[in-house]
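Rule-based calculations on the coordinates, nothing more; no lab input. None of these values were measured; they are calculated from a predicted model. Backbone-built Cβ (ideal geometry, glycine too); neighbour counts: all protein chains shown.
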Amino acid sequence: MDSLSYLLLFALGVAVLFWRRHATRFSISYIPGPTGASWLVGNMKEFAYQLNVGDMDFAYARQFGRTWRMRHPLGTDMLMTADPKAIHHVLQKAEHIYVKRLESTETARMTMGKGLVWASGETHARQRKIMNPAFTVGQIRSFVPIFRTGAAKLTQKWRDEISAKAASAEGVALTVNRWFSRVTIDILGETAFDYNFGALDNTENEVTAAFHTMFSDSTLHPPAWDLIFKRLWSYIPQPILEFMDYIPTREYNRFRRTLRVVNGVSKQLVEEKKAALLTESRSSRDIFSVLVQANVSQDPKGRLTDEELVAQMATLVLAGHITTATTLTFLFHELSCHQEYQHKMREEIVQARARLRERGAEDFSMEELEGMPLVSAAVKETLRYHPPVYHIFRNAIADDVLPLETPIKSASGEYTSEIPIGAGQHVVLSVCTYQRLPEIWGEDADQWNPLRFVEGNIEKESKMGLYANLMAFAEGNRGCIGWRFTILETMAIVVDLVENFKFDVGDEKDEIIRRPTGFMSAWVRGREREGPQLVLKVTPVA
Ligand code: HEM
């Protein structure tokens with residue numbers, strides 16, 4: 001497309017936007033929120049450029065309460081909420097009204113293809129029905145040995161690395177986030193396709209190389225024109241939006257390059273697996289085999305096409321590895337800052353290992369991993385305090401009334417627990433703020449304290465989300481399909497690493513910040529040029 005076409009598309013979008021804006025009978029401009037934003041970009045620069053993910057939300061929640069308004073580009077309003085009742089309504093009760101924004105689904109299409117994260121409506125229901133059997137408790141249980149093998153391999157790699165660098169009692173500095181990316185991608189290869197990506201063995205693996213820093217290369221510090229351009233997507237018909245595949249900018253080039261590499265590998269694997277399933281007598285348990293089996297047992301209309309099968313693989317590799325690697329990164333950052341807790345966790349694991357030996361068992365089962373209270377609490381608390389998906393974006397496709405637990409001042413000045421919502425209204429669920437509400441998590445909600453999950457009654461008192469009262473995995477029909485997978489995988493890795501190594505802060509001077517790169521990621525303040533990193537001092541435990 002040439003520049004004139006872009007301009008026409010832009011003008012068309014602006015015209016539609018104005019038409020929609022004037023046509024709507026609903027306005028949320030009475031809801032308190034920051035003032036002084038530019039008409040063109042709204043508060044979106046502040047939103048996308050915050051130094052530390054969540055700082056902006058926490059400040060506004062303190063100033064305006066659990067629900068506030070922000071300006072979107074071109075003079076429109078966006079509703080932000082951390083109110084549990086509103087979140088539950090959007091994701092569960094009225095999820096048919098609050099659908100994913102085109103901006104999110106198009107980004108998903110460009111990065112993962114037309115798989116589960118992209119799909120909506122009936123296509124989503126059909127895809128999800130076929131994907132669900134691959135994520136049952138029984139299926140995840142069968143993956144535990146793979147998680148443990150990945151963890152053992154990482155442990156051995158670190159031992160080799162440390163010996164090569166002549167370990168001293170002081171330990172050796174390792175850039176742990178890169179290793180977490182590699183181990184999680186290898187585990188996904190094994191569990192999803194029964195395939196070895198070889199990321200732990202080979203730093204130059206094409207898939208890991210494509211993913212490495214993809215989001216920071218593409219989404220960190222978006223230019224103003226892109227923020228405005230994205231605002232128009234909701235008003236452009238979807239088939240026209242697919243022309244964005246030809247836009248030659250940093251973000252879109254990077255997405256295309258990564259999807260090309262991942263699709264190349266996925267296509268080859270899909271062909272190989274389909275052929276193997278026809279000839280092999282044993283039934284494989286990897287996700288792809290389960291998918292193909294579930295697919296053939298469906299009536300033809302309900303089946304996934306080959307293109308959709310390839311897209312599911314790219315979806316799982318992307319959605320499944322970056323999020324888990326991020327959780328591991330922040331968990332070990334916190335453990336290195338909380339030595340006492342780390343020490344207690346190690347004792348818990350050593351005792352569990354002793355019980356295992358007494359029984360003559362070889363390795364921890366799913367139940368034994370889940371039965372370590374301090375390990376489990378550290379995983380939950382990290383997902384609470386550092387949720388990799390910190391915002392969930394939705395767009396109302398019909399008029400509705402949003403219920404609130406905490407009332408706000410209405411347009412007439414009275415307090416109300418209901419916000420009239422017009423079709424087309426953007427709603428952002430602030431997961432990071434909900435997970436810091438002192439009324440739910442306690443007065444120390446602004447601190448990483450896993451003991452709240454050991455001593456408190458959080459999970460009994462409230463029933464939000466898929467796991468531990470957290471919104472980190474969302475909920476409803478679009479809630480994370482991989483939540484059990486990631487919890488068990490994280491525990492399996494943490495147990496091995498904490499049993500074998502002691503973790504200390506790499507450099508006391510480093511301030512670790514959470515940059516907004518699609519998912520949040522760990523960076524060192526002042527050294528942003530070096531990309532996402534967490535360097536820790538790692539010392540083998542005798
Ligand atoms: C700490 C790790 C993870 C976190 C925090 C996380 C979080 C989320 C969230 C919040 C959503 C809903 C997004 C929305 O509705 O806008 C989601 C959806 C999804 N997640 Fe995860 N996820 C994690 C790990 C995984 C893993 C390991 C897999 C796969 C192996 C996975 C696969 C998916 C898929 C396919 C969806 C789309 C589900 C649908 O729309 O039906 N995730 N995840």
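Couple of notes before you dig in:
- Tilt relative to the chain, helix 287-296 - C-alpha long axis, 0 to 90 degrees, to 10: 60
- Extending 7 Å from Cα along the Cβ direction at LYS267 and again at HIS96 yields two label points whose distance is 3.9 nm.
- Highest to lowest packing among 505-512, 390-397, scored as the average C-beta count within 10 Å: 390-397, 505-512
- Length gained when the stretch GLU46-ALA209 is fully extended (0.36 nm per residue, less Cα-Cα span): 55.6 nm
- In straight-distance terms, cross-link reach from LYS114 covers every one of the aspartates and glutamates whose alpha-carbon lies under 19 Å from its own, apart from those fewer than eight places away in the same chain; here that gives GLU103, GLU106, GLU122, GLU242, ASP245, GLU251, GLU271, ASP306, GLU307, GLU308.
- Computed E for ARG62/GLU370 - FRET, C-beta separation, R0 41 angstrom, nearest 0.05: 0.70
- Across the chain the C-alpha pair distances fall into 10 Å bins from zero in the proportions 3, 17, 28, 27, 17, 6, 1, 0 percent.
- FRET efficiency for the VAL505 to ARG357 pair, using the beta carbon distance and R₀ = 51 Å, is estimated at 0.95.
- When the C-alpha to C-alpha distance is required to be over 25 Å, the pairs from LYS45/LYS537; LYS129/LYS273; LYS100/LYS409; LYS93/LYS301; LYS153/LYS502 that qualify are LYS45/LYS537; LYS100/LYS409; LYS93/LYS301.
- The angle between the Cα long axis of helix 483-500 and the main principal axis of the chain comes to about 40°, on a 0 to 90 degree scale.
- Inter-site label distance for ARG527 and ASN196 at 7 Å from Cα along Cβ, in nm: 3.3
- The long axis of helix 3-23 is offset from the longest Cα principal axis of the chain by roughly 70 degrees.
- Cleavage-rule hits, trypsin sites (Lys or Arg not before Pro), region 404-485, DSSP coil, Cβ neighbours within 10 Å at most 10: LYS463
- If the chain linking ILE440 and LYS301 were pulled fully straight, counting 0.36 nm for each residue of separation and taking away their Cα-Cα distance, it would gain 45.5 nm.
- Relative protection proxy for 117-129, 184-196, from highest mean packing down: 184-196, 117-129 (other beta-carbon atoms within 10 angstrom).
- Length-normalised contact order of region 3-540 in % [C-alpha pairs under 8 Å, at least 6 apart]: 26
- Over the chain, dividing the summed -39,500 (n - 2.57) contributions of all DSSP H runs of at least 4 residues by the number of residues returns a 222 nm mean residue ellipticity of -16000 deg cm²/dmol.
- Computed from the Cβ-Cβ distance with R0 of 25 Å, the FRET efficiency linking PHE26 to PHE243 stands at 0.20.
- Remark: the ARG285-LEU451 segment gains 56.1 nm on full extension, using 0.36 nm per residue and subtracting the alpha carbon distance.
- Unit charges on C-beta of K, R, D, E only; dipole of region 3-540, Debye: 1100
- Distance between the pseudo-spin-label points of ARG159 and ARG256 (7 Å out from Cα toward the beta carbon): 4.7 nm.
- In region 431-542, Rg over Rh equals 1.00, where Rg is the alpha-carbon radius of gyration and Rh the Kirkwood radius from pairwise Cα distances.
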